[in-house]
Structure formats: C-alpha cells, structure tokens
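Chemist: Just dropping this structure here.
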Amino acid sequence: MSDAELPDTPPDRLAADPKSPYHDAKALERGVGVIFKGVERTNVDEYCVSEGWVRLVMGKQVGRNGLPLTMKMQGEVIPYFRDRPHPKG
C-alpha cells in the first residue's frame with residue numbers, strides 16, 4: 001500500500017492484545033499515538049473513541065493470566081498516526 005492509500009485516521013477502537021477482535025497489526029506497526037484528556041499517553045493498551053474510554057497499563061504487574069494489569073478510564077480520546085502531523089499542532 002502506498003503512502004497515498006494509507007488512511008489518515010486510526011480505527012475507532014484498537015487493542016494491543018493480539019487475541020482481541022479489535023487488534024489491528026497494520027495500524028500498530030504504523031504507530032498510533034493517543035491523546036487522552038488533553039495529555040499524550042504512552043501506556044494505552046486499548047481505546048475506543050466512540051465510547052470515550054481508554055484502558056491503561058498499570059505498571060509492570062501482571063494478573064493471574066499473565067497479562068498486564070489495566071485500568072479503564074472515561075474521557076476524550078484522540079488517536080493519531082505517528083507518521084502524520086500531530087493533531088494538536
């Protein structure tokens with residue numbers, strides 16, 4: 001796919017976990033940044049723009065199933081591709 005064919009906006013919902021139905025390897029390879037409540041976050045495990053929430057990784061602790069512990073938070077979510085201009089300028 002050429003640069004002209006790439007979409008300008010990331011998917012409405014995206015998950016880093018490969019087992020999730022919302023996992024999109026192509027979008028993650030391209031690099032997706034997330035601005036949550038006006039602050040750029042680097043610990044986002046999953047997000048949903050239409051429902052207005054993010055799931056944030058909480059440190060290095062893991063749960064019983066070996067996955068990182070996460071916390072779901074509500075608020076404005078602005079995803080963007082890192083290879084495009086930043087949405088805040």
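The values are calculated or read from the model by the stated rules, or taken from the named source; none is laboratory data. A quick note: this is a predicted structure, and the numbers were derived from the prediction, not measured. As a convention, Cβ positions derive from the backbone with ideal geometry for all residues, glycine included, and neighbour counts pool all protein chains shown.
Conditions tested, residue by residue: (1) farther than 15 Å from Asp83 by Cα; (2) of a type outside the set (A, V, I, L, M, F, W, C); (3) touching a helix residue (DSSP H, G or I) at 6+ places or on another chain (Cβ under 9 Å).
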{"residue": "Asp8", "(1), (2), (3)": "no, yes, no"}
{"residue": "Arg13", "(1), (2), (3)": "yes, yes, no"}
{"residue": "Pro18", "(1), (2), (3)": "yes, yes, yes"}
{"residue": "Glu29", "(1), (2), (3)": "no, yes, no"}
{"residue": "Val32", "(1), (2), (3)": "no, no, no"}
{"residue": "Thr42", "(1), (2), (3)": "yes, yes, no"}
{"residue": "Cys48", "(1), (2), (3)": "yes, no, no"}
{"residue": "Val57", "(1), (2), (3)": "yes, no, no"}
{"residue": "Gly66", "(1), (2), (3)": "yes, yes, no"}
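Chemist: Does any residue of the stretch 8-19 turn out to be modelled with pLDDT under 95 and outside any loop (DSSP other than H, G, I, E, B)?
Modeler: So far as the stretch 8-19 goes, no, none of its residues is modelled with pLDDT under 95 and outside any loop (DSSP other than H, G, I, E, B).
Chemist: For the list (1) modelled with pLDDT of 90 or more; (2) exposed (fewer than 14 other Cβ atoms within 10 Å of the Cβ); (3) part of a loop (DSSP other than H, G, I, E, B), I need the number of the one condition that Met1 fails.
Modeler: Status for Met1: all satisfied but (1).
Chemist: Could you look through the stretch 22-78, keep only residues that are of a type outside the set (Asp, Glu) and in contact with a Gly (Cβ under 7 Å, 6 or more places away or on another chain), and pick out the one that is farthest from Asp8 (Cα to Cα)?
Modeler: The qualifying residue farthest from Asp8 (Cα to Cα) is Leu69.
Chemist: Could you list, in sequence order, all residues of the stretch 50-69 that are surrounded by 18 or more Cβ atoms within 10 Å (Cβ to Cβ) and closer than 16 Å to His23 by Cβ?
Modeler: Those that are surrounded by 18 or more Cβ atoms within 10 Å (Cβ to Cβ) and closer than 16 Å to His23 by Cβ: Val54, Arg55, Val57.
Chemist: Within the stretch 20-36, track down each residue that is exposed (fewer than 14 other Cβ atoms within 10 Å of the Cβ) and either of a type in the set (Asp, Glu) or modelled with pLDDT of 95 or more (or both).
Modeler: Pro21, Glu29
Chemist: Which residues, counting only those in the stretch 7-19, are aliphatic (A, V, I, L, M) and loosely packed, with under 12 Cβ neighbours inside 10 Å?
Modeler: None; the set is empty.
Chemist: Could you give me the residue pairs with C-beta distances under 8 Å whose first residue belongs to the stretch 39-50 and is without any contact (Cβ under 8 Å) to a residue 60 or more places away in the chain, whose second residue is polar (S, T, N, Q) and part of a loop (DSSP other than H, G, I, E, B) wherever it lies, and which are 6+ apart or on separate chains?
Modeler: If the second residue must be polar (S, T, N, Q) and part of a loop (DSSP other than H, G, I, E, B), the pairs left are Glu46/Ser20.
Chemist: Which of the residues belonging to the stretch 39-89 are among the small types (Gly, Ala, Ser), in a strand (DSSP E or B) and either at pLDDT 95 or above or in contact with a Lys or Arg (Cβ under 7 Å, 6 or more places away or on another chain) (or both)?
Modeler: Matches in the stretch 39-89: none.
Chemist: Give me the pairs: first residue in the stretch 11-34 and closer than 9 Å to Pro79 by Cβ, second residue surrounded by 14 or more Cβ atoms within 10 Å (Cβ to Cβ) and of a type in the set (Lys, Arg), beta-carbon distance under 7 Å, and six or more apart or on different chains, which are they?
Modeler: Every condition considered, the pairs that remain are Val34/Arg41.
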